[in-house]
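Trainee: One structure coming up, written as structure tokens, with questions to follow.
The values are calculated or read from the model by the stated rules, or taken from the named source; none is laboratory data. The model shown is predicted, which means the values in this text are computed figures rather than measured ones. Reconstructed Cβ throughout: ideal geometry from the backbone, glycine too, with neighbour counts over all protein chains shown.
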Ligand code: IVH
């Protein structure tokens, strides 16, 4: 392996270089594994080893097709057997008693009163905190330094997850500094809390997992638990985990008079604490806090399964103590379940705009958390096989937020005898074309292209949608109807409608539900779009992986329709230079280029585009907003190294809005390199090519602050 290749930023690697390097990394890492585990004689430091693994993962992330069967990133399974180190908690981690209604809460209050011999008028302050549905942890700090983090385990002894917890972006502080409320740091403290995943992160992650054909998690809790219990901390590092801290185990050398004060202390030390925690002065306050949170439950970013009430005064907590495995001073008020059982009547296959065959479960309607549910997602073929979900099965469904519910369990004891294994179709259910599965994808796709009605209709829908051609007055139903009748098969046909209408004996105005006025409005809406910006034009075509941001970048990089069309045809013809230019666009990579190549390699797609272009008055060249005062308009800029005053994404957006092109790698076409501390190969390349290099401060001055 040449040292220079290893230093090359992953974004700059060509496919061939990536392939070569992955092969070398697999060999090298395997040899280090043997030296470390087998022979207890490592030849490199842990940090160097981690760097090799990270580099391997980064290359694989950019070139998923090149992931090798013997990839080091796949070796988690082997390692799991050796397990985690065990950690004994200084103070056991207990659980909480549950209450389910207001009367139970009043009993809880009454019990405390009796125990403490408080009069009926004496107020018991309590905190009310969301009960996070995650995985609990205990982080031990010795002399203010993070020593070890463990899972709850059996409450007495858990598993060592220190390395994994250290990978969290906003996680545990490494040190507790004395700039706290108390002025000093306890010699020992076990800070306890919950690791969780937000609902949106969970769905995004599952979607990515589904695409890769990797494990799908049933809910955010499982996803958090599965992510933290990884022997390879590199995997945890890629998972969007978050924490909340909310209690203490053993504490030596510090005291607080109230739990509320302790929560403030945790926040002052830098622990994430829950912003929805409330201090309640009375039982009425407590019940009001429950109602309020219950009402907001679906809108919270993460799953909660109730509220935890804790007596605020710590001297009272101490007097109350524990009964068996739960404290007398705290309880969990549970929310009604968001799960329900129902029957899966049918599994249907939907065909999307890009031809993906997606299974959807049609359910006997059932109410879950106040919402009637009749569909659930099944993700993909692998997921159906893994769960062995069958038509006729009784299933447990779960709703999280406003998103389409999922099937969490199949009730095998209720399976009818007649239920047969679901056979995933190998043909498109809409057009009958063969369905094809790419080697590195979990998704089966219809190969019918625009010939497939489902794809064509979905594409047309996308074409008229708000961010695309934005043609008002044409709803989903009309499109389906027009398509079915052969009136509109391609985008260009929309623009031919009016001319056709004038000649035909069956004008649109003669149809049910249409009047002269609505037809006139529709034609006006269509005609208003005969002039369109290049970026909308590109986005509207609905090419896989080309969303708005990428369409804009294409428009920006190629400038005009003609240039773009020519370049894409060159890419489709396999011209290396055109391909390199395309892959060189910031955030583009091999997979995006492949989609464009595949799209333009289809004759009918190119014909459809040209046909559309002929119908339009103008596809406007890409123009920058207002860059008349911009000193960087038209320049190709590359950012490298760390930026101090703004995030890289912010700097890029700023440069783009001022008319610059932002590229990911330095080439002869680069006009300016903005280099922060830690800049490496790109800076060297710029110096070699004689490209102007400036600092972040210079850049800020250049763009006018
Ligand atoms: S306090 C001594 N506060 O719920 C009791 N627990 O069912 C210490 N949990 O094991 C726990 N959110 O994993 C507390 N705000 C919160 C919580 C919370 C979630 C979990 C925790 C505990 C379980 C008990």
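Trainee: Being under 30 Å from residue 546 (Cβ atoms), touching a strand residue (DSSP E or B) at 6+ places or on another chain (Cβ under 7 Å) and in contact (Cβ under 8 Å) with a residue 40 or more places away in the chain is the requirement here; does residue 306 meet it? Lay out the reasoning, then the answer.
Mentor: Details: under 30 Å from residue 546 (Cβ atoms): no; touching a strand residue (DSSP E or B) at 6+ places or on another chain (Cβ under 7 Å): yes; in contact (Cβ under 8 Å) with a residue 40 or more places away in the chain: yes.
Criteria not met by residue 306.
Trainee: Given 183, 193, which one is loosely packed, with under 14 Cβ neighbours inside 10 Å and either modelled with pLDDT of 90 or more or more than 16 Å from the ligand (Cβ to nearest atom) (or both)? Break it down into steps so the answer makes sense when it comes.
Mentor: Values: 193 fails: loosely packed, with under 14 Cβ neighbours inside 10 Å.
Answer to the check: 183.
Trainee: Also, I was wondering about something else. List the residue pairs whose Cβ atoms are under 7 Å apart, where the first residue sits in the range 309-336 and is without any contact (Cβ under 8 Å) to a residue 24 or more places away in the chain, the second is crowded, with 16+ Cβ neighbours inside 10 Å and in a loop (DSSP other than H, G, I, E, B), and the two are 6 or more positions apart or on different chains.
Mentor: Final answer for the pair search is 321/328.
Trainee: When you scan the range 679-688, do you find a residue that is in a loop (DSSP other than H, G, I, E, B), out of contact with any helix residue (DSSP H, G or I) (no Cβ under 6 Å at 6 or more places or on another chain), in contact (Cβ under 8 Å) with a residue 12 or more places away in the chain and closer than 18 Å to residue 9 by Cα, even just one? Let's see the steps before the verdict.
Mentor: Narrowing the range 679-688 to residues in a loop (DSSP other than H, G, I, E, B): 679-680.
Filter again for out of contact with any helix residue (DSSP H, G or I) (no Cβ under 6 Å at 6 or more places or on another chain), leaving 679-680.
Add one more test, that the residue is in contact (Cβ under 8 Å) with a residue 12 or more places away in the chain, and what stays is 679-680.
Retained after the next criterion (residues that are closer than 18 Å to residue 9 by Cα): 679-680.
Yes, the range 679-688 has at least one match.
Trainee: Just a yes or no: is a residue in the range 142-151 surrounded by fewer than 13 Cβ atoms within 10 Å (Cβ to Cβ) and away from the ligand (no atom under 16 Å from the Cβ)? First the steps, then the outcome.
Mentor: Of the residues in the range 142-151, the ones surrounded by fewer than 13 Cβ atoms within 10 Å (Cβ to Cβ) are 143, 145.
So of that shortlist, the ones also away from the ligand (no atom under 16 Å from the Cβ) come out as 143, 145.
Yes, the conditions are met somewhere in the range 142-151.
Trainee: A further question follows. Restricting to the range 276-318, name every residue that is exposed (fewer than 15 other Cβ atoms within 10 Å of the Cβ) and under 25 Å from residue 119 (Cα atoms). Show your work before the answer.
Mentor: Of the residues in the range 276-318, the ones exposed (fewer than 15 other Cβ atoms within 10 Å of the Cβ) are 281-282, 284, 288, 291-292, 295-296, 299, 301, 315, 318.
If the condition is that a residue be exposed (fewer than 15 other Cβ atoms within 10 Å of the Cβ) and under 25 Å from residue 119 (Cα atoms), then 281, 282, 284, 288, 315, 318 are the ones that fit.
Trainee: Tell me, yes or no, whether the range 583-597 has at least one residue that is surrounded by fewer than 14 Cβ atoms within 10 Å (Cβ to Cβ) and in contact (Cβ under 8 Å) with a residue 24 or more places away in the chain. Outline the logic, then answer.
Mentor: First, the residues of the range 583-597 that are surrounded by fewer than 14 Cβ atoms within 10 Å (Cβ to Cβ): 587.
Right, trim to in contact (Cβ under 8 Å) with a residue 24 or more places away in the chain and you get 587.
Within the range 583-597, one or more residues are surrounded by fewer than 14 Cβ atoms within 10 Å (Cβ to Cβ) and in contact (Cβ under 8 Å) with a residue 24 or more places away in the chain.
Trainee: Considering only residues that are surrounded by fewer than 19 Cβ atoms within 10 Å (Cβ to Cβ) and touching a strand residue (DSSP E or B) at 6+ places or on another chain (Cβ under 9 Å), which ones fall in the range 369-386?
Mentor: If we filter the range 369-386 for residues that are surrounded by fewer than 19 Cβ atoms within 10 Å (Cβ to Cβ), which is where we start, we get 369-372, 374-375, 382, 385-386.
If the condition is that a residue be surrounded by fewer than 19 Cβ atoms within 10 Å (Cβ to Cβ) and touching a strand residue (DSSP E or B) at 6+ places or on another chain (Cβ under 9 Å), then 369, 372, 374, 375 are the ones that fit.
Trainee: May I pose another question? Among 267, 237, 254, which is the only one that is assigned to a loop (DSSP other than H, G, I, E, B) and either more than 13 Å from the ligand (Cβ to nearest atom) or on the phi > 0 side of the Ramachandran plot (or both)? Don't jump to the end; show me each part of the working.
Mentor: Working: 267 fails: assigned to a loop (DSSP other than H, G, I, E, B); 237 fails: assigned to a loop (DSSP other than H, G, I, E, B).
When all the criteria are applied, what remains is 254.
Trainee: Right, another one. Return only the number of the condition from (1) in contact with a strand residue (DSSP E or B) (Cβ under 6 Å, 6 or more places away or on another chain); (2) buried (at least 17 other Cβ atoms within 10 Å of the Cβ) that residue 447 does not satisfy.
Mentor: The one condition residue 447 does not meet is (2).
Trainee: OK, next. Residues in the range 217-232: is at least one touching a residue at least 24 places away in the same chain (Cβ under 8 Å), assigned to a loop (DSSP other than H, G, I, E, B), away from the ligand (no atom under 16 Å from the Cβ) and more than 27 Å from the chain's Cα centre (by Cα)?
Mentor: Step one: list which residues in the range 217-232 are touching a residue at least 24 places away in the same chain (Cβ under 8 Å), which gives 218-221, 223-225, 227-232.
Next cut, assigned to a loop (DSSP other than H, G, I, E, B) only: 218-219, 229-232.
Cutting the leftovers down to away from the ligand (no atom under 16 Å from the Cβ) gives us 218, 230-232.
Now restrict to residues that are more than 27 Å from the chain's Cα centre (by Cα): none.
Checking the range 217-232: not a single residue is touching a residue at least 24 places away in the same chain (Cβ under 8 Å), assigned to a loop (DSSP other than H, G, I, E, B), away from the ligand (no atom under 16 Å from the Cβ) and more than 27 Å from the chain's Cα centre (by Cα).
Trainee: If I ask for residues that are assigned to a loop (DSSP other than H, G, I, E, B) and buried (at least 19 other Cβ atoms within 10 Å of the Cβ), which ones from the range 199-216 would you list? If you could, list the steps in order and put the result at the bottom.
Mentor: Just the residues of the range 199-216 that are assigned to a loop (DSSP other than H, G, I, E, B), to begin with: 213-216.
If the condition is that a residue be assigned to a loop (DSSP other than H, G, I, E, B) and buried (at least 19 other Cβ atoms within 10 Å of the Cβ), then 216 is the only one that fits.
Trainee: Within the group 632, 609, which residue is assigned to a loop (DSSP other than H, G, I, E, B) and at negative phi?
Mentor: Working: 609 fails: assigned to a loop (DSSP other than H, G, I, E, B).
Going through 632, 609 in turn, the sole match is 632.
Trainee: Wholly within the range 286-382, which strands (runs of 3 or more DSSP E) include no fewer than the required count, namely at least 3 residues that are within 13 Å of the ligand (Cβ to nearest atom) and over 19 Å from residue 409 (Cα atoms)?
Mentor: Values: elements: 304-311, 330-334, 339-351, 357-368, 371-377.
In the range 286-382, 304-311, 330-334 are the strands (runs of 3 or more DSSP E) which contain 3 or more residues that are within 13 Å of the ligand (Cβ to nearest atom) and over 19 Å from residue 409 (Cα atoms).
Trainee: Mind checking which residues of the range 98-109 are over 34 Å from the mean Cα position of the chain (by Cα) and surrounded by 14 or more Cβ atoms within 10 Å (Cβ to Cβ)? Before you say what the answer is, go through the steps one by one.
Mentor: So in the range 98-109, the residues over 34 Å from the mean Cα position of the chain (by Cα) come out as 99, 101-109.
Passing the criteria: 99, 102, 104, 105, 106, 108, 109.
Trainee: Of everything in the range 84-130, what is in a helix (DSSP H, G or I) and within 13 Å of the ligand (Cβ to nearest atom)? Give them in sequence order.
Mentor: Residues of the range 84-130 that are in a helix (DSSP H, G or I), as a first pass: 102-116.
Residues satisfying the conditions do not exist here.
Trainee: Of all residues in the range 131-177 being touching a helix residue (DSSP H, G or I) at 6+ places or on another chain (Cβ under 6 Å) and assigned to a strand (DSSP E or B), which is farthest from residue 324 (Cα to Cα)?
Mentor: Among residues in the range 131-177 that are touching a helix residue (DSSP H, G or I) at 6+ places or on another chain (Cβ under 6 Å) and assigned to a strand (DSSP E or B), the one farthest from residue 324 (Cα to Cα) is 148.
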